[in-house]
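The values are calculated or read from the model by the stated rules, or taken from the named source; none is laboratory data. All values reported here derive from a predicted model rather than from experimental measurement. We place every Cβ from the backbone using ideal geometry, glycine too, and count neighbours over all the protein chains shown.
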Amino acid sequence: MSTIIAELEKWGPGSNSKPLDQDSAKKYTWGLATSHYENFPVISWAVPKPLRQHFANVYAFCRWADDLGDEIASASDSLRLLEWWQAELENCYRGECVHPVFTALHTTIEQFSIPITPFANLISAFIQDQSVTTYETFSQLEDYCQRSANPVGRIVLHLANCNNTANEAYSDSICTGLQLANFWQDVRRDKLIGRVYLPSEDRQRFGYSEKDLMTEQANDAFRELMAFEVDRTRNYLIAGRPLVGAMPGRLKVDIDLMIRGGLLVLSGIEKVNFNVWKERPIVRKSQLFTAGLLSLFNLAMPRPVKPIT
């Protein structure tokens, strides 16, 4: 059971728990951010120390929203809880914080003047998940990424005090690329929970039928389809690379590491000959460590970055 779901009785709607003080609320969000496994570390060693707690506060918000959307058995219950989470967000912006995540997050919002839009967009994506399980076109999938992934990057730009139109475009490209890479490595996992992110128009283009999809066929059509999606996703990640140079200090390393991590996932898909039905590519810690060293090297001695394969 998710940590978040296990705590609904204590911190969910209608609970009688007393609000935590700031220090206790920050410990709560820090615990969530440092205890949950992800392919990419949430609080990277490259994140400047003064920003780590703020990253944890944002992560805790996302973790709760994600689990309310994905870990609840009933879609109607998920919708009810996500609407409650949206109301808590609005209360937070009015300075009325009860839930520990919002008690901690309020300080981040105030210090960095983060608007409500990216947080609300994230919740809207999780709400969409309750009724939309397939996508007809890539444009529809891209719109979903704009609300399910890109808002996180825009929040990070606020934390780094470098949010502007150009940087937002680079960040959106990276975040969409990372989301798509996650979709392609998780084709089978998503299908098992009733979700298909491979757009229907793309499947039709390469002759990959609905029957092939349902029976998890790794035929030539599927490999051609996945090769197309991997190439398109790689272009998103590479197009966002100018953001690395625009970020302050050690955050350059963090953004570069995220891009490299996404590219490693794509390379992993290629190395299994695109058969993600049989094998889910995983970025090993040793690969992330090597990518981190390369990022540090590029920060210390700026030069053109070679493509990653």
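Structure summary
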quantity	calculated
Any pair with Cβ under 6 angstrom, 6 or more apart, that starts in region 72-98 at a residue that is under 18 Å from I5 (Cα atoms) and ends at one that is outside any helix (DSSP H, G or I)	A75/Q130; S78/I72; S78/Q130; L79/Q130; W84/P13; E88/H99; V98/P19
Any hit, region 208-219, residues being of a type in the set (V, I, T), assigned to a loop (DSSP other than H, G, I, E, B) and farther than 30 Å from R52 by Cα	yes
Residue in region 240-248 that is within 28 Å of G69 (Cα to Cα), out of contact with any strand residue (DSSP E or B) (no Cβ under 8 Å at 6 or more places or on another chain) and touching a residue at least 12 places away in the same chain (Cβ under 8 Å) present	no
Residue list for region 218-231, restricted to those being closer than 16 Å to G261 by Cα and in contact (Cβ under 8 Å) with a residue 12 or more places away in the chain	V230
Some residue of region 162-176 being modelled with pLDDT of 95 or more and under 26 Å from I72 (Cα atoms)	yes
Selection within region 1-32 - of a type in the set (F, W, Y) and either not in a helix (DSSP H, G or I) or not assigned by TED's automatic domain parsing to the domain that holds W85 (or both)	W11
Tally, over region 239-253, of residues that are in contact with a Pro (Cβ under 9 Å, 6 or more places away or on another chain) and at negative phi	4
Those residues of region 180-205 which are crowded, with 17+ Cβ neighbours inside 10 Å and in a loop (DSSP other than H, G, I, E, B), in sequence order	D186, R195, Y197, L198, P199
Scan of region 73-98 for residues that are within 26 Å of N163 (Cβ to Cβ), assigned to a helix (DSSP H, G or I) and of a type in the set (D, E, K, R), ordered by number	E88, E90
From A227, A166, A160, A221, residue being out of contact with any strand residue (DSSP E or B) (no Cβ under 8 Å at 6 or more places or on another chain), surrounded by fewer than 18 Cβ atoms within 10 Å (Cβ to Cβ), of a type outside the set (D, E) and within 30 Å of S113 (Cβ to Cβ)	A166
Matching residues, region 99-150, being assigned to a loop (DSSP other than H, G, I, E, B) and surrounded by fewer than 20 Cβ atoms within 10 Å (Cβ to Cβ)	S113, P115, I116, Q130, S131, V132, T133, E136, T137
Region 1-59: number of residues that are at pLDDT 90 or above and polar (S, T, N, Q)	5
Qualifying position, being more than 17 Å from I4 (Cβ to Cβ) and at pLDDT 95 or above, among I123, I116, I127	I116
Which numbered condition G207 misses (of (1) at positive phi; (2) not assigned by TED's automatic domain parsing to the domain that holds L243)	(2)
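Yes/no matrix, rows are residues, columns are (1) under 30 Å from L251 (Cβ atoms); (2) assigned by TED's automatic domain parsing to the domain that holds F274; (3) in contact (Cβ under 8 Å) with a residue 24 or more places away in the chain:
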site: L157; (1), (2), (3): yes, yes, no
site: Y170; (1), (2), (3): yes, yes, yes
site: S173; (1), (2), (3): yes, yes, yes
site: Y197; (1), (2), (3): yes, yes, yes
site: E201; (1), (2), (3): no, yes, yes
